[in-house]
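The values are calculated or read from the model by the stated rules, or taken from the named source; none is laboratory data. Predicted, not measured: the structure shown is a model, and the values here were computed from it. FYI the Cβ positions are ideal-geometry reconstructions off the backbone, even for glycines, and counts take in every protein chain you see. Ligands, DNA and RNA are excluded from the accessible area calculation, which covers all protein heavy atoms including side chains. Shrake-Rupley method; radii C 1.70, N 1.55, O 1.52, S 1.80 Å.
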Amino acid sequence: MDDTLRELLAARDGHFLLESGHHGHLLLDLDAMLWRPAALEPLVLALSDSLTAYNVEAVVGPLVGGALLAYRVAERLALPFAYAERVAYAPGQLYSARYRLPQAFSALISGRRVAIVDDVINAGSAVCSTAAAVRASGAEPVVIAALLQLGETALRQQSLASVPLTTLASWPNTLWEPQECRLCTVGVPLEQPILSCG
């Protein structure tokens with residue numbers, strides 16, 4: 001799986017402002033991964049299989065890439081699907097992105113056991129906010145799943161601590177809060193804003 005992910009995700013080094021507000025040195029081309037659905041299919045199957053032990057009743061993904069992947073997982077598992085849309089974002093502020101479920105989904109998902117599916121989890125910005133939206137709708141996040149986990153930052157998020165995380169691969173990665181960024185210190189120009197992989 002790791003080799004397939006490396007082939008699908010065109011990694012780029014630099015200095016990036018991520019959705020979470022962190023600075024990072026690694027950027028993945030998540031949109032390009034979706035360009036070849038047939039190549040992605042084995043990963044969708046493996047991610048779907050990893051969820052069977054959790055008695056999931058619905059699948060939710062944050063827009064955009066996470067929701068597209070979540071839809072395919074829901075289809076594979078013959079489960080209902082919903083997406084969370086980003087409704088607020090303040091570039092450069094840590095964890096400022098806010099996601100919500102459209103009202104029609106909120107009523108349908110209430111009382112269900114939910115898998116939150118994203119493409120890649122880095123700092124956990126999108127999945128943290130999506131989990132909060134799922135809980136606000138009266139549903140219970142019982143597992144978070146992603147193709148890839150980057151680093152350990154997301155694992156330190158208290159709001160995710162009680163929810164199991166399943167991924168197909170994990171790659172080392174370093175993120176910095178803006179005031180502690182080593183790349184800023186040495187004068188590497190910052191590319192901003194990067195609205196994914198936060």
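The table below lists the values:
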{"read-out": "The range 1-31: number of residues that are open to solvent by 40 Å² or more (accessible area, probe 1.4 Å), within 21 Å of THR167 (Cα to Cα) and touching a helix residue (DSSP H, G or I) at 6+ places or on another chain (Cβ under 8 Å)", "value": "5"}
{"read-out": "Among (1) free of Cβ contacts under 8 Å to residues at least 60 places away in the same chain; (2) over 15 Å from the mean Cα position of the chain (by Cα); (3) open to solvent by 10 Å² or more (accessible area, probe 1.4 Å) - the single one LEU34 does not satisfy", "value": "(2)"}
{"read-out": "The range 111-123 residues that are more than 13 Å from ALA82 (Cβ to Cβ), paired with ones that are β-branched (Val, Ile, Thr) and open to solvent by less than 10 Å² (accessible area, probe 1.4 Å) (beta carbon under 7 Å, 6 or more apart)", "value": "ASP118/VAL127; ILE121/VAL127"}
{"read-out": "Those residues of the range 140-150 which are open to solvent by 10 Å² or more (accessible area, probe 1.4 Å) and within 21 Å of LEU108 (Cα to Cα), in sequence order", "value": "GLU140, PRO141, VAL142"}
{"read-out": "So THR153, is it under 26 Å from ASP13 (Cα atoms) and either among the charged types (D, E, K, R) or open to solvent by 40 Å² or more (accessible area, probe 1.4 Å) (or both)", "value": "no"}
{"read-out": "Residue list for the range 101-139, restricted to those being under 16 Å from TYR71 (Cα atoms) and of a type in the set (S, T, N, Q)", "value": "THR130"}
{"read-out": "Among the candidates LEU79, LEU69, LEU51, LEU40, residue that is under 15 Å from the mean Cα position of the chain (by Cα) and crowded, with 16+ Cβ neighbours inside 10 Å", "value": "LEU69"}
{"read-out": "Single residue of the range 44-71 satisfying the filter (under 20 Å from ARG100 (Cα atoms) and part of a helix (DSSP H, G or I)) that is modelled with the lowest pLDDT", "value": "GLY65"}
